[in-house]
Amino acid sequence: MVNPASTDVHKRLFLYSHPRTRSNLFMRLLENHPQMVTKQYPFMFAFQAGPEGQWPEEKKAMRIQASHMSNEEADKKTYQAGLDEMEQLLAKADEEGKICTIKEHTVHLFDSKFINANISTPRREVPRPDIVDRKLDVVNPADVDVQLPVPNPTWLPDRIIASMSPIIIIRHPVSTYTSYIRAASVFGGTGLDSEFPLMATYRWQKIIYDLYREYYNKTDPEGKKDWPIVIDGDKLVEDTKGQMQRFCELTGIDESQIQYSWNPSSEAIDGVYRAFVGTIKESTGVIKKSDASKDMNIEEQMKKWTAEWDEDVAQRLKETVEASMEDYEYLYKFSI
């Protein structure tokens, strides 16, 4: 049952994710809920390999090839197309009286100028994507005009930021970054490439957390005192039902309709898809794994990393883990 203390059902949820934080598990728990419609990664391909993409040309080509997509298909993956598709799904959910959950990796919501200002190894700068908010998710577009009282660092329209209830998912950097390198090898990721610094930091999620907290402090500090919701991926595995009960209390979702087991997917899974979602697609429920990363000694980890990769990758992992701990611990203290 919906918690009677919940005075509002949050109809629009946005999961600000990071690769390898158990975000696929979280979405799997939600996607068969009868109240829910979901959409994952409306902007990921635009960021990585579309015509306005921010990856180097050689990495774009590898990403397109690994996804079994033609160049003509890739050219259609624009930020505008992603925003239009997202707004259309929001409209559909509204019409059906359902909750819509959108998931996107947080870094994909920033332009390259902003990204370069927040990493230690700047990359080639590309133009900010040219996006028009067509307001496809509202009945009377002329009546919707929202301007945030705080700076918006993303290219998402202010009114979209304001209308979405934010969820942020994290996981200990040791587990997150090693898992990312393994999965990203399918499209040439090495841990030493130019894209690794973008995917091995919790800076983007801290920026989003601080954006919303500043916004809520100015507009509804008491009503939004528990927002953004922060979920730790390791807690989600260790106490799945407890985490989802708390999440549902905060969002007004009926927890009794959450499915904690499911049938494995019958669809063909290969390439990038297998590398990043193969485990969850082939599973039948939550896979309990002991993850003692928070207690791991970084020097001991470096020995394992050197054996699996080499000394250069191990050193890069050490540097990124250590550089991430402040942001990770900042967000973790707010986790449910």
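The values are calculated or read from the model by the stated rules, or taken from the named source; none is laboratory data. The structure presented is a predicted model; accordingly, all values stated were derived computationally and were not measured. Backbone-built Cβ (ideal geometry, glycine too); neighbour counts: all protein chains shown.
If you check every pair at least six apart or on different chains, which have Cβ atoms under 6 Å apart with a residue in the range 237-248 that is free of Cβ contacts under 8 Å to residues at least 12 places away in the same chain first and a residue that is in a helix (DSSP H, G or I) and not basic (Lys, Arg) second?
Going by the 6 Å Cβ cut-off, the qualifying pairs are Gln245/Glu255.
Looking only at the range 259-278, filter to residues that are among the hydrophobic types (A, V, I, L, M, F, W, C) and part of a helix (DSSP H, G or I); which one of those is modelled with the lowest pLDDT?
Ranking the qualifying residues of the range 259-278, first place goes to Ala275.
What pairs come out if I take residues in the range 134-149 that are over 18 Å from Lys92 (Cα atoms) and pair them with residues that are among the acidic types (Asp, Glu) and part of a helix (DSSP H, G or I) whose C-beta lies under 6 Å away, six or more apart or interchain?
Cβ pairs passing all conditions: Val146/Asp158; Gln147/Asp158; Leu148/Asp158.
How many residues, within the range 102-142, are part of a loop (DSSP other than H, G, I, E, B) and not small (Gly, Ala, Ser)?
Looking only at that region, the number is 24.
May I ask you to say which residue of Glu72, Glu85 is surrounded by fewer than 19 Cβ atoms within 10 Å (Cβ to Cβ) and either at positive phi or more than 19 Å from the chain's Cα centre (by Cα) (or both)?
Working: Glu85 fails: either at positive phi or more than 19 Å from the chain's Cα centre (by Cα) (or both).
Answer to the check: Glu72.
Inspect the range 177-188 for any residue being at pLDDT below 95 and over 20 Å from the mean Cα position of the chain (by Cα) and give the result as yes or no.
yes
Name the residues in the range 300-312 that are surrounded by fewer than 19 Cβ atoms within 10 Å (Cβ to Cβ) and in a helix (DSSP H, G or I), would you?
Selection gives Glu300, Gln301, Met302, Lys303, Lys304, Thr306, Ala307, Glu308, Glu311, Asp312.
Considering the range 37-66 alone, what residues qualify as being surrounded by fewer than 19 Cβ atoms within 10 Å (Cβ to Cβ) and of a type in the set (Ser, Thr, Tyr)?
Result: Tyr41, single match.
Quick one: is Asp145 part of a loop (DSSP other than H, G, I, E, B), surrounded by 13 or more Cβ atoms within 10 Å (Cβ to Cβ) and of a type in the set (D, E, K, R)?
No: the conditions fail for Asp145.
Anything in the range 141-159 that is among the β-branched types (Val, Ile, Thr) and farther than 21 Å from Ile102 by Cα? List them, or say none.
Passing the criteria: only Val150.
So the check is Cβ under 7 Å with 6+ separation or different chains; which pairs have a first residue in the range 104-121 that's without any contact (Cβ under 8 Å) to a residue 40 or more places away in the chain and a second one that's surrounded by 18 or more Cβ atoms within 10 Å (Cβ to Cβ) and not basic (Lys, Arg)?
Close Cβ pairs (under 7 Å, with a partner that is surrounded by 18 or more Cβ atoms within 10 Å (Cβ to Cβ) and not basic (Lys, Arg)) amount to Phe114/Pro153.
Could you list all residues from the range 125-143 that are more than 15 Å from Glu85 (Cβ to Cβ) and of a type in the set (A, V, I, L, M, F, W, C)?
If the condition is that a residue be more than 15 Å from Glu85 (Cβ to Cβ) and of a type in the set (A, V, I, L, M, F, W, C), then Val126, Val138, Val139, Ala142 are the ones that fit.
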